[in-house]
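Read through the structure below, which is laid out as structure tokens, and then see the notes.
Any read-out appearing in this document is the output of simple, stated calculations on the displayed coordinates, not a laboratory observation. Only a predicted model underlies this, so the values are computations on that prediction, with no experimental measurement involved. When we count neighbours, we look across all protein chains shown, and the Cβ atoms used for this are built from the backbone with ideal geometry, even at glycine.
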Amino acid sequence: MAAAIFGLVGVIVGAVMQGGAVWLMESRREDWAARKAGRLLARALTRCRFVLKAGHDGAASWGMIAVEINEALARWPEHSDLLAGTIKRDEDWNEIVGAVEALQRLEQRGHAGPVDAEVSADDREFLGYIGERVWGAAFTASMIGVAGVRATPARLLGRVWRQLRPQDAEAEARKLVRYSYEADGEEPPPDEGQA
């Protein structure tokens, strides 16, 4: 009877150890895959940031901006599928997705008009604003690439980055609304203090 109990306990302990090893290996595999996606996405977002800077400085046309964004974000669906399942903090995910969606909208804007259409002065200001959002998302993606999705240093560095570049959420929302109206050729509503 004792031999049967020891045998059963051995089987249970062996199964728990094997399950733990499989879980640990899978967890590490996911973390490495997320780090790879973070590194590649940081590179793509940095490339987009530089083309937005060129557009902001008047050195790039809308067509050039659209082509560069399209090429840089070609692997976004692959990265998003992986990162959506591994990023733990909603703030990090929202920052990355918000920047990518803004870039996709700019790409659509670039494809809507002539390829050599120059960027207007108002649009240059907006490109600078989107460039800052993209730069923040590239920083977050690079921290995932350096430290993985579970590491505390990435969270600390992310917090430091957000404090170095304080944002007024309401002012950002007003800029986006104003640009949306202007992009559609409509008059934006006045800000609350200007009515």
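Regarding segment 45-54, can at least one residue be identified that is of a type in the set (Lys, Arg), touching an Asp or Glu at 6+ places or on another chain (Cβ under 9 Å) and under 30 Å from Gly128 (Cβ atoms)?
Of all residues in segment 45-54, those of a type in the set (Lys, Arg) come to 47, 49, 53.
Next cut, touching an Asp or Glu at 6+ places or on another chain (Cβ under 9 Å) only: 47, 49.
If we keep only those that are under 30 Å from Gly128 (Cβ atoms) too, we end up with 47, 49.
So far as segment 45-54 goes, yes, one or more of its residues are of a type in the set (Lys, Arg), touching an Asp or Glu at 6+ places or on another chain (Cβ under 9 Å) and under 30 Å from Gly128 (Cβ atoms).
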Assigned to a helix (DSSP H, G or I), in contact (Cβ under 8 Å) with a residue 60 or more places away in the chain and loosely packed, with under 14 Cβ neighbours inside 10 Å - does that describe any residue in segment 102-122? yes
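How many of the residues making up segment 82-120 are among the basic types (Lys, Arg) and closer than 30 Å to Arg28 by Cα?
2
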I'm trying to understand the selection: among the residues of segment 65-84, which are farther than 26 Å from Asp123 by Cα, in contact (Cβ under 8 Å) with a residue 24 or more places away in the chain and surrounded by fewer than 20 Cβ atoms within 10 Å (Cβ to Cβ)? Arg75, Glu78, Leu82
Could you list, in sequence order, all residues of segment 123-146 that are of a type in the set (Gly, Ala, Ser) and surrounded by 19 or more Cβ atoms within 10 Å (Cβ to Cβ)? Gly131, Gly136, Ala137, Ala138, Ala141, Ser142, Gly145
Go through segment 44-79 and give me each residue that's aromatic (Phe, Trp, Tyr) and within 13 Å of Gly110 (Cα to Cα). Trp62
Hey, can you tell me all the residues within segment 85-97 that are farther than 14 Å from Cys48 by Cα and either more than 10 Å from the chain's Cα centre (by Cα) or touching a residue at least 24 places away in the same chain (Cβ under 8 Å) (or both)? Gly85, Thr86, Ile87, Lys88, Arg89, Asp90, Glu91, Asp92, Glu95
